[in-house]
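Beneath this line is the structure, given in structure tokens, with notes to follow.
The values are calculated or read from the model by the stated rules, or taken from the named source; none is laboratory data. Keep in mind it's a predicted model, so treat the numbers as computed, not measured. Backbone-built Cβ (ideal geometry, glycine too); neighbour counts: all protein chains shown.
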Amino acid sequence: MEIVTRVTASIKNQGKFDPATLELELDAAEMTLDGETTRWMMSKQIKTTSQGDIYGRKWDVGRYEAILDSVMEREYHKNLIYLVIKQGVTSIEDVSNRIGLDLKLISHLVSDLEKAGRVKFTGMTEKIPAFAAV
């Protein structure tokens, strides 16, 4: 009962939930859940952990879920970056300032987004690479 009381008090202290303040994050989460990578990995989980992969290796559920978590986090970050660039943020540094991710991580993920045809390099702006959503 003490845990319920503490959780309830914590929620009340946080105030009313305003989804508008998290619109970008919620959109990125929705894109991640609707994405092909997520659907593919989720559809393979039961078979891979109970029957094995295409090589006959049966995966431990915890190991598969750890990989799934890692992939989901990467997909979420890519979608978050894509949405910020779509809003008109063009530089890696400005993307970092907007969403708080490390510059190196953003650079790698922008490269992935370029390969997937979701963003494109548009040129240099004051010696800084600029990107746009496709």
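The single residue among 41, 72 that is at pLDDT below 95 and surrounded by 14 or more Cβ atoms within 10 Å (Cβ to Cβ) turns out to be 41. Pairs, please: C-beta under 7 Å, at least 6 apart or cross-chain, first residue closer than 30 Å to residue 98 by Cβ and in segment 1-22, second part of a helix (DSSP H, G or I) and modelled with pLDDT of 85 or more? Short answer, once both residue conditions are applied: 19/26. Against the test of being more than 14 Å from the chain's Cα centre (by Cα) and under 25 Å from residue 134 (Cβ atoms), the options 92, 54, 46 yield a single qualifying residue, 92.
Comparison of 99, 106 shows that the only residue that is out of contact with any Leu (no Cβ under 9 Å at 6 or more places or on another chain), surrounded by 14 or more Cβ atoms within 10 Å (Cβ to Cβ) and β-branched (Val, Ile, Thr) is 106.
Name every residue in segment 94-134 that is assigned to a loop (DSSP other than H, G, I, E, B) and in contact (Cβ under 8 Å) with a residue 12 or more places away in the chain, in order of residue number. The answer is 101, 117, 118, 134. One residue alone among 30, 23 is of a type outside the set (Lys, Arg), surrounded by 10 or more Cβ atoms within 10 Å (Cβ to Cβ) and under 11 Å from the mean Cα position of the chain (by Cα), and that residue is 30. Based on this model, can you work out whether residue 38 counts as over 30 Å from residue 127 (Cβ atoms) and touching an Asp or Glu at 6+ places or on another chain (Cβ under 7 Å)? Against the criterion (over 30 Å from residue 127 (Cβ atoms) and touching an Asp or Glu at 6+ places or on another chain (Cβ under 7 Å)), residue 38 qualifies. Scan segment 116-134 for residues that are of a type in the set (D, E, K, R) and surrounded by fewer than 11 Cβ atoms within 10 Å (Cβ to Cβ) and the total you get is 2. The residue pairs whose first member lies in segment 68-86 and is within 16 Å of residue 36 (Cα to Cα) and touching a residue at least 40 places away in the same chain (Cβ under 8 Å), whose second member is surrounded by 19 or more Cβ atoms within 10 Å (Cβ to Cβ) and polar (S, T, N, Q), and whose beta carbons are closer than 6 Å, counting only pairs six or more residues apart or on different chains, are 75/32; 76/32; 79/32.
Could you check segment 84-93 and list, in sequence order, the residues that are at negative phi and either modelled with pLDDT under 95 or part of a loop (DSSP other than H, G, I, E, B) (or both)?
Passing the criteria: 87, 89, 90, 91.
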